[in-house]
Amino acid sequence: MRLTKDYFLTDDVLGIARDLLGKYLFTKVDGQLTGGVICEVEAYMGTGDRASHAYGGRRTRRNEMMYHEGGVAYVYLCYGMHHLLNFVTNVDGVPDAVLIRGIMPTHGEELMLQRTGKRKITPDIGIGPGKVSKLLGLTVADNGLSLCSDTLWIEDRGLIIPENIVESTPRIGVDYAGEDALLPYRFVTRFGC
């Protein structure tokens, strides 16, 4: 079952982040399907979160999509080369988002190998937010795309991730955020990822 826009409109970004583990993320680019199971995410809690692009109410051309109503993609360029996919959550004007940090490929593996230049699917091929976007064929051109479109969508196929294999840790690469860098807003499972 595809997730609907309502799924993303809650004010519990941590709950959404944890719940996304085990959901299937799909893209259909140029008529070609790719997808995988989400196995690593990070939550960002809007204007009060020092690790968020929207900390302190910052609004720029780059982060403007974070302020939209939940259910859209926020895709930005990191280090001038990695396209990072986030799911915007909450209501219009509240910049909460979930960074998709890892997927386990399940659909379109041959195309994923072409996109990455790899010869075979390895356990780490989809671990890292830049790798996720590369596998799925997403770029900053997809910023603002509906998460309920025929190009990008998420499905709940009934895969339940038990709590005993989910780890909650500090987020990665946000040392600049001071105490907020230590918040356990990263959720990860290693069930094959």
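The values are calculated or read from the model by the stated rules, or taken from the named source; none is laboratory data. Note that the structure is predicted; figures quoted are calculated from it, not measured. No Cβ is skipped: glycine too gets one built from the backbone with ideal geometry, and neighbour counts run over all protein chains shown. Accessible surface is based on the protein model in full, side chains and every heavy atom, while ligands, DNA and RNA are left aside. Shrake-Rupley method; radii C 1.70, N 1.55, O 1.52, S 1.80 Å.
Tabulated values for the structure
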| item | result |
| --- | --- |
| Residue check, Ala17 small (Gly, Ala, Ser), in contact with a Lys or Arg (Cβ under 7 Å, 6 or more places away or on another chain) and within 24 Å of Ser168 (Cα to Cα) | no |
| Residue in the range 29-46 that is open to solvent by 30 Å² or more (accessible area, probe 1.4 Å) and within 22 Å of Ala177 (Cα to Cα) present | yes |
| Subset of the range 1-10 (residues that are part of a helix (DSSP H, G or I) and more than 15 Å from Glu155 (Cα to Cα)) | Leu9 |
| Filter result for the condition that a residue is within 22 Å of Phe8 (Cα to Cα) and touching an Asp or Glu at 6+ places or on another chain (Cβ under 7 Å), over Val75, Val132, Val140, Val166 | Val75 |
| Test: residue in the range 131-140 that is under 17 Å from Lys23 (Cα atoms) and of a type in the set (Gly, Ala, Ser) | yes |
| Qualifying residues in the range 71-84 (those that are open to solvent by 20 Å² or more (accessible area, probe 1.4 Å) and free of Cβ contacts under 8 Å to residues at least 60 places away in the same chain) - the one nearest to Leu33 (Cα to Cα) | His83 |
| Residue that is least open to solvent (accessible area, probe 1.4 Å), among those in the range 85-133 that are touching a strand residue (DSSP E or B) at 6+ places or on another chain (Cβ under 7 Å) and without any contact (Cβ under 8 Å) to a residue 24 or more places away in the chain | Ile125 |
| Segments classed as strands (runs of 3 or more DSSP E), wholly inside the range 11-82, with at least 1 members that are more than 25 Å from Leu135 (Cβ to Cβ) | 32-45 |
| Qualifying residue in the range 95-115 (condition: of a type in the set (Lys, Arg) and touching a Lys or Arg at 6+ places or on another chain (Cβ under 6 Å)) | yes |
| From the options Leu20, Leu14, residue that is open to solvent by 10 Å² or more (accessible area, probe 1.4 Å) and of a type in the set (A, V, I, L, M) | Leu14 |
